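Trainee: To start, I am sharing the structure in question, which I have written as structure tokens.
The values are calculated or read from the model by the stated rules, or taken from the named source; none is laboratory data. This one's a predicted model, so the numbers in the text were calculated from it and none came from an experiment. For neighbour counting, all protein chains shown are included, and Cβ atoms are generated from backbone atoms with ideal geometry for every residue, glycine included. Just so you know, the surface numbers come from the protein's heavy atoms only, side chains and all, with ligands and any DNA or RNA stripped out. Shrake-Rupley method; radii C 1.70, N 1.55, O 1.52, S 1.80 Å.
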Amino acid sequence: VELAGKKILVVGLARTGGSLVRFLVRRGARVTVNDRASEETLGVRAEEVLKMGAAVRFGDHAPEAFACADLIVISPGVPHTLEALVRAAALGIEIIGEIELAARFIAEPIVAVTGTNGKTTTTHLLGTMLARSGRKVFVGGNIGVPLIEYAEAGERAEVVVAEVSSFQLDTIRTFRPRVGVLLNITPDHLDRYPDFAGYAAAKARLFENQSEEDTAVLNGADPTVRAIGRGLPGRRLFFNPAESEPGGAFSGGKLHLRPISGKSGISFPDAIDFSGFSLPGAHNLENAAAASLAALSAGGTPEGIAAAIREFKGLPHRIRLVAEIDGVRYFNDSKATTVESVRRALECFDTPVVLIMGGRNKGCDFAALREVVSAKVRTLILLGEAAGEIAETLSPPFFGAVLHAGGMEEAVSLARETAKPGDVALLSPACSSFDMFASYAHRGDVFESAVSRLAGGEK
Ligand code: ADP
């Protein structure tokens with residue numbers, strides 16, 4: 001892939017944008033960077049790209065900056081539906097995303113993980129499985145280190161494990177994971193896609209360049225995922241498999257494996273012991289099954305997989321126990337930004353739950369929570385922009401006790417007032433955090449400090 005001398009426009013200057021510029025400049029491209037934010041707002045990042053020798057166009061998406069490019073590369077956060085991009089596409093200019101560019105420079109096999117929920121957990125667990133199998137592995141993509149930084153670095157891994165989002169898949173052309181994992185597809189990001197079918201179609205693109213030698217790891221219990229799996233050319237391995245399907249199924253604390261008969265080429269153990277797995281909920285068993293099947297397909301050993309299962313303690317902001325105060329256990333699940341992840345979190349608990357929900361709705365229909373909320377939740381505490389909408393959807397006759405909080409502090413003290421010993425107090429918002437917080441992590445941190453102050457007040 002020749003970049004030298006080409007006029008390349010990079011759109012979006014956050015961390016990945018900066019890495020894109022460095023990568024392209026080092027390969028002799030003539031780079032212009034565009035961001036609709038002003039130079040002052042962009043701060044040091046703007047200074048850095050100027051120092052690297054890039055031209056800049058900040059403050060708007062000026063059409064002339066787009067019209068004269070040979071190639072446009074967009075950062076993961078930039079919607080490909082931007083008017084300036086649509087016009088450039090009409091002019092015949094090639095537009096690709098960061099993972100597409102990076103993958104053109106990565107010779108190592110890529111294992112890519114996507115789905116509505118569980119991507120980060122599964123990606124990390126899979127990375128640990130391969131590492132414990134003695135493989136030299138790079139883990140990144142949509143989380144942590146962008147693929148373009150791996151492509152830039154001199155040090156090579158044997159396998160690249162990447163989390164990929166639907167937005168990143170919107171801008172691929174040749175991206176071909178040798179193993180692709182599709183965890184689930186439930187309503188999400190309906191503020192950015194025309195409808196559910198459009199969102200599912202974006203996820204399905206994970207497999208569009210796969211061939212017969214490649215592997216798809218699929219959720220056998222998800223009808224949308226099954227439908228996508230039907231047309232694929234390569235091996236198909238299912239977690240939640242139907243009768244006699246190849247893949248892995250749980251029973252008695254073990255993942256029982258069924259290989260692909262005949263030409264498979266991968267040898268499977270009969271079962272892997274999952275008894276030491278510490279993550280809560282059936283959804284995490286699904287994530288672990290998906291990771292195991294992907295690991296086996298990418299050179300992982302049964303011993304390495306079992307070791308990772310025992311060691312992996314999960315990630316912050318995903319159903320994490322923060323403290324137990326007066327017999328009430330407080331859990332931070334700030335990363336639950338979809339209705340489905342809230343449902344899965346509630347299903348982890350047999351005791352009554354005081355649930356803190358709300359934030360900015362990403363296009364979810366909260367009515368899907370009526371049944372599980374009325375079965376599990378003692379008190380619903382709402383905050384943020386979507387509070388009114390949630391209250392309307394989950395109020396009587398569907399649910400009784402709804403309280404409103406002005407902020408996270410207040411939500412936590414309301415939780416304390418209404419929870420009874422033995423209850424769980426759970427932050428699981430079903431919304432993004434951007435109405436009140438910088439990120440889901442910021443929201444989770446604020447929740448945890450409020451809980452810690454409660455605990456501190458105890459002593
Ligand atoms: P992602 O990277 O796809 O957002 P995470 O692993 O960060 O996934 O988890 C995000 C949220 O979804 C957390 O609240 C987590 O508890 C929940 N979750 C994790 N795996 C699943 C799954 N397989 N199905 C539904 N919800 C899940």
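Trainee: Looking at (1) touching a residue at least 40 places away in the same chain (Cβ under 8 Å); (2) surrounded by 16 or more Cβ atoms within 10 Å (Cβ to Cβ); (3) within 15 Å of the ligand (Cβ to nearest atom), which is the one condition that is false for Arg343?
Mentor: It fails just one condition, (1).
Trainee: Given the structure, is Gly118 within 17 Å of the chain's Cα centre (by Cα), within 13 Å of the ligand (Cβ to nearest atom) and surrounded by fewer than 19 Cβ atoms within 10 Å (Cβ to Cβ)?
Mentor: So Gly118 does not fit the description; no.
Trainee: Considering only region 323-335, I want to know if a residue exists there that is more than 21 Å from the chain's Cα centre (by Cα) and within 16 Å of the ligand (Cβ to nearest atom).
Mentor: Yes: region 323-335 contains one or more residues that are more than 21 Å from the chain's Cα centre (by Cα) and within 16 Å of the ligand (Cβ to nearest atom).
Trainee: Let me ask something additional. How about region 290-299: which of its residues are in a helix (DSSP H, G or I) and more than 10 Å from the ligand (Cβ to nearest atom)?
Mentor: Within region 290-299, Ala291, Ser292, Leu293, Ala294, Ala295, Leu296, Ser297 qualify.
Trainee: Quick one: would you say Glu303 is without any contact (Cβ under 8 Å) to a residue 12 or more places away in the chain and open to solvent by 10 Å² or more (accessible area, probe 1.4 Å)?
Mentor: No, not satisfied.
Trainee: Restricting the first residue to region 159-187 and requiring it to be basic (Lys, Arg), which pairs with a second residue that is part of a loop (DSSP other than H, G, I, E, B) and surrounded by fewer than 24 Cβ atoms within 10 Å (Cβ to Cβ) meet a Cβ separation below 7 Å and a spacing of at least six or different chains?
Mentor: Pairs found: Arg176/Asn209; Arg176/Gln210; Arg178/Pro109; Arg178/Asp214.
Trainee: Let me ask something else about it. Looking only at residues in region 257-279 that are open to solvent by 60 Å² or more (accessible area, probe 1.4 Å) and under 26 Å from Glu213 (Cβ atoms), which one is farthest from the chain's Cα centre (by Cα)?
Mentor: Top of the filtered list is Gly262.
Trainee: Might you let me know whether region 312-321 holds any residue that is within 16 Å of the ligand (Cβ to nearest atom) and without any contact (Cβ under 8 Å) to a residue 12 or more places away in the chain?
Mentor: yes
Trainee: Quick check on Ala221: is it open to solvent by less than 60 Å² (accessible area, probe 1.4 Å) and over 18 Å from Thr120 (Cα atoms)?
Mentor: The answer is no for Ala221.
Trainee: Now, a different point. Regarding Asp445, is this residue within 16 Å of the ligand (Cβ to nearest atom), under 17 Å from Asp333 (Cβ atoms) and open to solvent by 50 Å² or more (accessible area, probe 1.4 Å)?
Mentor: yes
Trainee: Can you spot a residue in region 99-111 that is within 16 Å of the ligand (Cβ to nearest atom) and surrounded by 24 or more Cβ atoms within 10 Å (Cβ to Cβ)?
Mentor: Yes.
Trainee: Continuing with this model, one more query. When you look at Ala282, is it in contact (Cβ under 8 Å) with a residue 60 or more places away in the chain and open to solvent by 60 Å² or more (accessible area, probe 1.4 Å), yes or no?
Mentor: Values: in contact (Cβ under 8 Å) with a residue 60 or more places away in the chain: yes; open to solvent by 60 Å² or more (accessible area, probe 1.4 Å): yes.
Yes.
Trainee: I'd like the residue in region 306-331 that is open to solvent by less than 40 Å² (accessible area, probe 1.4 Å) and assigned to a strand (DSSP E or B) and, out of all such residues, is nearest to Lys254 (Cα to Cα).
Mentor: Applying the filter and picking the extreme gives Phe331.
Trainee: While we're looking at this one, here's another question. Collect the residues in region 389-399 that are open to solvent by 40 Å² or more (accessible area, probe 1.4 Å) and either farther than 12 Å from Gly358 by Cβ or in contact with a strand residue (DSSP E or B) (Cβ under 8 Å, 6 or more places away or on another chain) (or both), keeping them in residue-number order.
Mentor: Glu392, Pro396, Pro397, Phe398 - these are the residues of region 389-399 that are open to solvent by 40 Å² or more (accessible area, probe 1.4 Å) and either farther than 12 Å from Gly358 by Cβ or in contact with a strand residue (DSSP E or B) (Cβ under 8 Å, 6 or more places away or on another chain) (or both).
Trainee: If Pro302 satisfies every condition in (1) farther than 22 Å from Phe399 by Cβ; (2) within 11 Å of the ligand (Cβ to nearest atom) but one, which is the exception?
Mentor: If we test Pro302 against (1) farther than 22 Å from Phe399 by Cβ; (2) within 11 Å of the ligand (Cβ to nearest atom), just (2) comes out false.
Trainee: So if I check each of Gly134, Gly141, which one is out of contact with any strand residue (DSSP E or B) (no Cβ under 8 Å at 6 or more places or on another chain) and either more than 16 Å from the ligand (Cβ to nearest atom) or closer than 30 Å to Val339 by Cβ (or both)?
Mentor: Gly134
Trainee: Could I ask something else about it? Which condition breaks for Val402 when tested against (1) surrounded by fewer than 16 Cβ atoms within 10 Å (Cβ to Cβ); (2) without any contact (Cβ under 8 Å) to a residue 24 or more places away in the chain?
Mentor: Among (1) surrounded by fewer than 16 Cβ atoms within 10 Å (Cβ to Cβ); (2) without any contact (Cβ under 8 Å) to a residue 24 or more places away in the chain, the lone unmet condition for Val402 is (1).
Trainee: Determine if region 237-249 includes at least one residue that is crowded, with 17+ Cβ neighbours inside 10 Å, out of contact with any Ser or Thr (no Cβ under 6 Å at 6 or more places or on another chain) and more than 18 Å from Phe268 (Cα to Cα).
Mentor: no
Trainee: Among the residues of region 153-166, how many are open to solvent by 30 Å² or more (accessible area, probe 1.4 Å) and either under 22 Å from Arg22 (Cβ atoms) or within 12 Å of the ligand (Cβ to nearest atom) (or both)?
Mentor: So the count comes out to 4.
Trainee: Please verify whether Arg378 is more than 16 Å from the ligand (Cβ to nearest atom) and open to solvent by 70 Å² or more (accessible area, probe 1.4 Å), treating the condition exactly as stated.
Mentor: Values: more than 16 Å from the ligand (Cβ to nearest atom): yes; open to solvent by 70 Å² or more (accessible area, probe 1.4 Å): yes.
Against the criterion (more than 16 Å from the ligand (Cβ to nearest atom) and open to solvent by 70 Å² or more (accessible area, probe 1.4 Å)), Arg378 qualifies.
Trainee: Just give me the residues in region 250-283 being within 16 Å of the ligand (Cβ to nearest atom) and out of contact with any Ser or Thr (no Cβ under 7 Å at 6 or more places or on another chain), in sequence order.
Mentor: Selection gives Phe250, Phe274, Phe277, Ser278, Leu279, Pro280, Gly281, Ala282, His283.
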